[in-house]
Amino acid sequence: MDTPAPPAPAGAGRYAPSPSGDLHLGNLRTALLAWVLARRTGRTFHLRVEDLDRVRRGAEQRQLEDLAALGLDWDGEVVRQSERGTAHGRAIEHLQEAGAVFECYCTRREILEAPSAPHAPPGAYPGTCRDLSPAERAAGRARCRELRREPALRLRAEVATWSVHDLWAGEVRGSVDDLVLRRGDGVIAYNLAVVVDDAAAGVDQVVRADDLLSSAPRQAHLAHLLGLPEPGYAHVPLAVNREGARLAKRDGAVTLRDRLAHGESAEDVVGRLGDSLGVAGCRTAADLLRRWNPATLPADPWVVDLPG
Ligand code: GLU
């Protein structure tokens with residue numbers, strides 16, 4: 001008798017916080033949703049700390065404690081991007097071998113002040129260093145040495161747009177530019193690190209806040225160039241304050257610890273997050289997972305209006 005084919009591997013989801021401070025309710029809601037969307041589809045779930053930039057001491061530990069207090073669990077060790085330099089470097093070499101990288105000697109100011117191409121958004125890279133002669137490159141390198149920085153490395157983009165699939169937004173075509181791969185201070189750029197690290201963890205479902213939706217096409221294109229599978233995306237509508245501005249620490253008691261200090265329990269906070277996701281009366285992450293109904297998922301920003 002034929003043995004049935006083994007089920008296709010279910011893939012993986014992830015949450016990737018930046019350890020710049022405590023997670024606020026909007027971050028916690030995105031994390032909870034990432035966990036639910038992964039677990040309900042039998043995916044593994046991974047945590048990756050995006051610590052290449054803007055690190056506050058102790059923030060990572062506090063973030064992990066807060067996620068655990070909400071009832072989230074994760075598979076394997078927590079990955080730190082700062083420990084993935086070898087893989088990031090290898091990815092850049094791969095692109096260099098394909099002729100898809102050039103050095104850029106511009107300062108941020110020069111880019112801002114350069115006349116931009118027609119229809120390009122303000123501050124878009126005007127292509128200054130894309131096609132320099134060897135002599136111009138040597139002069140650029142000398143200038144970087146004087147400024148005590150390295151040339152940045154940019155992708156030589158050969159397409160202008162790329163298309164991704166998003167759970168809320170559907171098919172999204174967005175621009176691909178000569179994005180930075182490694183910055184002038186030697187730090188690997190977020191767009192490269194996210195692609196390499198997600199692929200290494202087998203992530204095929206990227207859940208995050210929708211302020212990153214416009215980055216998804218360039219990231220998916222980068223995955224394509226690196227010969228990596230392009231993930232599906234779910235960009236979660238942002239949490240906003242009463243004025244409609246993106247939720248921030250200055251909006252008051254917006255972290256889990258703030259809410260606990262106001263006499264709420266972790267269960268109350270999960271309940272609030274569940275309500276905002278259209279599932280009333282949850283007390284734990286496991287409740288939300290059990291009672292999850294994708295049809296109730298709001299497509300509008302979540303207006304956070306807190307007592308106290
Ligand atoms: N680290 C980013 C943040 O905390 C998320 C990046 C991502 O999920 O790709 O907003």
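The values are calculated or read from the model by the stated rules, or taken from the named source; none is laboratory data. The model shown is predicted, which means the values in this text are computed figures rather than measured ones. Note that each Cβ is placed from the backbone with ideal geometry, even for glycine, and that neighbours are counted across all protein chains shown. Just the protein is used for accessible areas: all its heavy atoms, side chains included, with ligands, DNA and RNA removed. Shrake-Rupley method; radii C 1.70, N 1.55, O 1.52, S 1.80 Å.
Of all residues in the stretch 180-214, those satisfying the criterion of being touching a strand residue (DSSP E or B) at 6+ places or on another chain (Cβ under 8 Å), more than 14 Å from the ligand (Cβ to nearest atom) and closer than 22 Å to GLU150 by Cβ are VAL180, LEU181, ARG182, ARG183, GLY184. In this structure, does GLN81 turn out to be touching a residue at least 60 places away in the same chain (Cβ under 8 Å) and crowded, with 20+ Cβ neighbours inside 10 Å? Against the criterion (touching a residue at least 60 places away in the same chain (Cβ under 8 Å) and crowded, with 20+ Cβ neighbours inside 10 Å), GLN81 qualifies.
Pick from PRO229, PRO217: which is more than 10 Å from the ligand (Cβ to nearest atom) and open to solvent by less than 10 Å² (accessible area, probe 1.4 Å)?
On the way: PRO229 fails: open to solvent by less than 10 Å² (accessible area, probe 1.4 Å).
Exactly one residue qualifies, and that residue is PRO217.
Taken as a whole, the structure leaves GLY127 outside the set of residues that are under 25 Å from the mean Cα position of the chain (by Cα) and assigned to a loop (DSSP other than H, G, I, E, B). Whether any residue in the stretch 180-197 is surrounded by fewer than 13 Cβ atoms within 10 Å (Cβ to Cβ) and among the aliphatic types (A, V, I, L, M) is what I want to check. No, the stretch 180-197 has no match at all. With respect to the conditions (1) assigned to a loop (DSSP other than H, G, I, E, B); (2) without any contact (Cβ under 8 Å) to a residue 60 or more places away in the chain; (3) within 21 Å of the chain's Cα centre (by Cα), TRP168 falls short on a single one, namely (2).
For ALA299, the stated conditions do not hold, so it cannot be described as open to solvent by less than 10 Å² (accessible area, probe 1.4 Å) and hydrophobic (A, V, I, L, M, F, W, C).
Selection of first residues in the stretch 199-227 that are closer than 21 Å to ASP177 by Cα and of second residues that are among the β-branched types (Val, Ile, Thr) and within 11 Å of the ligand (Cβ to nearest atom), restricted to Cβ pairs under 7 Å at least 6 apart or on distinct chains, gives the following pairs, ordered by first then second residue: ASP210/VAL236; GLN219/VAL194; GLN219/VAL195; LEU222/VAL195; ALA223/VAL195; LEU226/VAL195. Inclusion of ARG290 among residues that are among the charged types (D, E, K, R) and surrounded by fewer than 18 Cβ atoms within 10 Å (Cβ to Cβ) is warranted. Taken over the stretch 132-159, the criterion of being open to solvent by less than 60 Å² (accessible area, probe 1.4 Å), outside any loop (DSSP other than H, G, I, E, B) and charged (D, E, K, R) is satisfied by ARG137, ARG154.
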